[in-house]
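The values are calculated or read from the model by the stated rules, or taken from the named source; none is laboratory data. What you see is a predicted model; the values in this text were computed from it and never measured. Quick reminder, even Gly has a Cβ in these numbers, built from the backbone with ideal geometry, and neighbours come from all protein chains shown.
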Amino acid sequence: MIRFDILSVFPEMFASPCGSSLLKKALDKGLIDIRLHDIREQALDKHRMTDDAPYGGGGGMVMKVEPIERTLRSISVPDEETPIILLTPQGERFCQKMAEELAGHRQLVMICGHYEGVDERVRTKLVNREISIGDYVLTGGELSAMVVVDAVSRLVPGVLGNSESAGEDTFSMGLLEYPHYTRPAEYNGWKVPEVLLSGNHREINDWRRRESLLRTRKRRPDLLRDFPLTEKEKSWLADEAEP
Ligand code: ADE
């Protein structure tokens, strides 16, 4: 069981991703707990302002520190180690290894940034971690928080069925996955590779491993750089000329 506390000015954005597929099942089964906190509820001025003009001038609005701090104070966390995360394009880049590390915690607190930015005191005084989901800028941190929730949740035992366990995923294995096929064996003249119909499991495993390696070399050579290859695997790669 892992608990996510999400601070947002648009908590309604989470309804759809949390209301379908595996996340919904995980919520229904009590394997994950998602608590949404509307930052605006802690904006106590007449206009419930969660953002304001930047000191020093310039365009755009900056999210205010008080409503965020007040919202955080309303959330109980087990200990000092609990990640209090700000989602921001300036953060550390999210990856499978980070998802695995985060999945080891009992609770994650995530603050979704918006507008031009967030008052610097949120970074320096309130959070202990900043995460970016990639080198592009979104309109806000909500989708990023959902990405983290999704990637972490599927690592929680019981969220995936046995047959779809996370152990053989692309990035856990360090290689891209081999191609998958299902019935029919031929469609529009497009055939499934013969070896997969052969029933010879040693040959099938070799074929999959080889496809995985060739695909990784072609699309993500950076992943192969530190990958320990067997002699057999080296010869597969050598036999297949680089495109
Ligand atoms: N907010 C806006 N863009 C983002 C990104 N790339 N990662 C995390 N949070 C964001």
> Being out of contact with any helix residue (DSSP H, G or I) (no Cβ under 9 Å at 6 or more places or on another chain), over 27 Å from R73 (Cβ atoms) and not assigned by TED's automatic domain parsing to the domain that holds D222, is that true of even one residue in segment 99-117?
Replying inline: no
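Take segment 200-228 and flag every residue that is part of a loop (DSSP other than H, G, I, E, B) and either over 23 Å from H180 (Cβ atoms) or outside the structural domain of Y178 (by TED's automatic domain parsing) (or both).
Correct list: R225, D226, P228.
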>> Just to confirm my filter: which strands (runs of 3 or more DSSP E) fall fully inside segment 1-118 and include at least 2 residues that are away from the ligand (no atom under 16 Å from the Cβ)?
In response: 2-8, 32-38
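Look through G134, G158 and report the one residue that is within 24 Å of L27 (Cα to Cα) and either outside any loop (DSSP other than H, G, I, E, B) or touching a residue at least 24 places away in the same chain (Cβ under 8 Å) (or both).
G158
Of everything in segment 119-128 that's over 19 Å from G60 (Cα atoms) and in a helix (DSSP H, G or I), which residue is farthest from the ligand (Cβ to nearest atom)?
Here is the first cut: in segment 119-128, the residues over 19 Å from G60 (Cα atoms) are 124-128.
Okay, now just the ones that are also in a helix (DSSP H, G or I), so 124-126.
Values: T124: 18, K125: 19, L126: 16 Å.
If we take residues in segment 119-128 being over 19 Å from G60 (Cα atoms) and in a helix (DSSP H, G or I), then K125 is farthest from the ligand (Cβ to nearest atom).
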>> Being more than 33 Å from the chain's Cα centre (by Cα) and on the phi > 0 side of the Ramachandran plot is true for just one of N188, N200. Which residue is that?
In response: N188
> Do we have any residue at all in segment 145-166 that's closer than 21 Å to T216 by Cα and in contact with a helix residue (DSSP H, G or I) (Cβ under 8 Å, 6 or more places away or on another chain)?
Replying inline: yes
> When the residues of segment 129-167 are filtered to those that are in contact with a Leu (Cβ under 7 Å, 6 or more places away or on another chain) and among the hydroxyl-bearing types (S, T, Y), which remaining residue is farthest from the ligand (Cβ to nearest atom)?
Replying inline: S153
